[in-house]
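Readers should treat all values here as calculations from the given coordinates under stated rules, not as data from a laboratory. Please read these numbers as outputs of a predicted model, since none were measured by experiment. With ideal geometry, Cβ positions are generated from the backbone for all residues, glycine too; neighbour counts draw on all protein chains shown.
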Amino acid sequence: MELLGRTLGQQYQLVELISQSDKNLVYKGFQPTENRYVAVKVLSPAKSFDHVAVQQFQQERQLIAGLSHPNILPVFDYGRQDEILYYVTRFVEGGVTLKDKLPLYHAPHRARPVIHALADALDYVHGQNLLHGNLKPANILIDENGEPLLTDFGAFQHAGAASETSPYQSPEQAQSGPVDARTDVYALGVLLYHMLIGEPPTPGAIPSPRLKRPDLPIGVEKVILKAMAQLP
C-alpha cells in the first residue's frame, strides 16, 4: 500500500518517507491548518492485521501521549484511517540522532549538558512508573538547538518488564531478570562512556575510562563507574 502523497486525518499530508522498519514507517508530513511540518509514525500496512503488532503500537502511542517533558519527543495527535494506524509528533529538521553526532561530544564540557538533560527526562519517566529500557545514541534525536530528545517510545515499558539492547544492555537485562529505573541509569553511564571514549565498553565489563583516556577528570570516571556498578 503506497502512503506517500496521501492525507491522514484530513490534515496530515505525507510528503516524504523518513525511515522504515519491518513494523513502522515514519513520514515527514505537512499540516496546513498549523502551517507546520510534523512527523507521522505509521504502523506498517503489512502489520495491520497482526493483533500483537497493533496492540504494541497502540500501547506505544498511549504511553507517549501521557508524557510531557522538554527532552521527550511530544505527541500532537493520533488516529486511524481505514486500516492505517498512526500518531503525529514534532518534526525535527534533519532527523539527526546522537549516533550521528557522537564525535562532537568527546569533550566532557560538551557531553555534560546532554547527559544532564537526558537524566532529567529519565527521572521524569521513572516518576511515572515507566522506564525506557532501550537507551542508546540512535534513539536520541538532536534538535536544531542542540537539545536531546528521547525517542523510540516502543521500548518504554511499565517498570518490571525488560527490553533488550546491546552493548547498552544492563546485567539484569542480559540475565532476563526484573528491571527498574537502575536499568536506564546503567545505560546512561554507558552512553557517557561512549561519548567520551569514542566507543562503548565491552558488554558485561566494568570499564575504567581513565585507562583509555587519562586526561578525564577523576570525578567524571566516578560518575560513569557508579552508574554502571553491578550492585548499585
Query raised in the report: Cα-Cα over 20 Å: which of K136/K226; K99/K136; K101/K222?
Result: K101/K222
Query raised in the report: Against the longest principal axis of the chain, how steep is helix 181-197, in degrees 0 to 90 to the nearest 10, with axes from Cα atoms?
Result: 70 degrees
Query raised in the report: With N residues in region 14-129, what two-decimal value do you get for its Cα radius of gyration over 2.2 N^0.38 Å?
Result: 1.21
Query - Potential extension, R110-K23 segment - 0.36 nm per residue separation minus Cα distance - result: 27.8 nm
Query raised in the report: Order of 201-213, 167-179 by packing, highest average Cβ count within 10 Å first?
Result: 167-179, 201-213
Query raised in the report: Looking at region 11-105, which chymotrypsin sites (Phe, Trp or Tyr not before Pro) are in a loop (DSSP not H, G, I, E or B) and have at most 13 other Cβ atoms within 10 Å?
Result: F49
Query raised in the report: With contacts defined as alpha carbon pairs under 8 Å and 6 or more residues apart, what's the relative contact order of the chain in percent?
Result: 13 percent
Report summary line: For V52 and N145, extending 7 Å from Cα along the Cα-Cβ vector and measuring point to point gives, in nm, a value of 4.1 nm
Report summary line: Interchain or sequence-distant (5+) residues whose placed amide H lies within less than 5 Å of the amide H of V38 are G29, F30, Q31
Report summary line: Under 5 Å from the placed amide H of S44, counting only residues 5+ away or on other chains, we find N24, L25
Query raised in the report: For I18, I84, what ranking results if the residue with the fewest other Cβ atoms within 10 Å of its Cβ goes first?
Result: I18, I84
